[in-house]
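Trainee: Have a look at the structure that comes next, please.
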Amino acid sequence: MENSVEQTHNTVSGDLVGRDKYIIQTVMASKAKSAIRLEEDFFINSDEDNSTLLRKLKDGKTNGLTRTRAITSKLSAMKIIFQLNKSEEGKRILADIYENLLTCVSKVTMPMEDGELLKHKSDDIFSHFPALVSRYEDIIEIDEAFLEGLLYIATSNCAIRWKVE
C-alpha cells in the first residue's frame, strides 16, 4: 500500500492516480403555461404604514438600510400588482406567483418551530428567485426585484418573521 493514494471513498494502488469527480446539477423549474390557481384573490394586509414589516425586520436585527430597502421594494411590487389586478388572468397569475414564492420560502423555513424567527440569510430564499423568474417567463415578465417586493408583502401579511445571523 506504499504506492497507493487515498481518494474520496477510493484507494488507488499502483501507478494509476484518479481524480475526484464533481458533478454540478442544474435544477430547472417546469415552465408555467398559464396560472393554475382558480381563485383570483391576492390578499394584501393593510399594513399601510409598514409597521408590521418594520417591526419584524427590526426584531430580526436587520439594519436601517435593509428596512428602507424593504419598504421601497414592497412599494415597487405594489405598482406591478395594481397593473396585474386589472384583469382576471392577471389576478390568477399573481396568486400563482405568490403561492409559488411562499412554497420557496417554506423550503427554507419549514424546519422551524412556531413563532421562531427566520434563522437563514435572505440569500437562502433569494437563491430560489431565478427559477421562479424563468418559470413564468413565457406568460409574464417578472424579475427578482418584483419577487423581493412580494417577499416583503408576505412579511407584512405575517407569513415570515426575520432574523439575521
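The values are calculated or read from the model by the stated rules, or taken from the named source; none is laboratory data. What you see is a predicted model, and the numbers here were worked out from it, not measured in a lab. Cβ: placed from backbone, ideal geometry, glycine included. Neighbour counts: every protein chain shown. Accessible surface is based on the protein model in full, side chains and every heavy atom, while ligands, DNA and RNA are left aside. Shrake-Rupley method; radii C 1.70, N 1.55, O 1.52, S 1.80 Å.
Trainee: In the stretch 44-56, which residue that is open to solvent by 50 Å² or more (accessible area, probe 1.4 Å) and of a type in the set (Ser, Thr, Tyr) is nearest to Ser76 (Cα to Cα)?
Mentor: Of everything passing the filter in the stretch 44-56, Ser46 is nearest to Ser76 (Cα to Cα).
Trainee: Turning to a different aspect of this structure: Of these, Asp96, Asp59, which one is surrounded by fewer than 19 Cβ atoms within 10 Å (Cβ to Cβ) and touching a residue at least 40 places away in the same chain (Cβ under 8 Å)? Walk me through it before giving the result.
Mentor: Working: Asp96 fails: surrounded by fewer than 19 Cβ atoms within 10 Å (Cβ to Cβ).
Asp59 is the lone residue from the list that is surrounded by fewer than 19 Cβ atoms within 10 Å (Cβ to Cβ) and touching a residue at least 40 places away in the same chain (Cβ under 8 Å).
Trainee: Hey, could you check the stretch 70-93 for residues that are of a type in the set (Ser, Thr, Tyr) and touching a Gly at 6+ places or on another chain (Cβ under 8 Å) and say which is most open to solvent (accessible area, probe 1.4 Å)? Outline the logic, then answer.
Mentor: Start the filter on the stretch 70-93 by keeping residues that are of a type in the set (Ser, Thr, Tyr), which leaves 72-73, 76, 87.
Those still in the list that are touching a Gly at 6+ places or on another chain (Cβ under 8 Å) too: 73, 76.
Values: Ser73: 5, Ser76: 59 Å².
Selected residue: Ser76.
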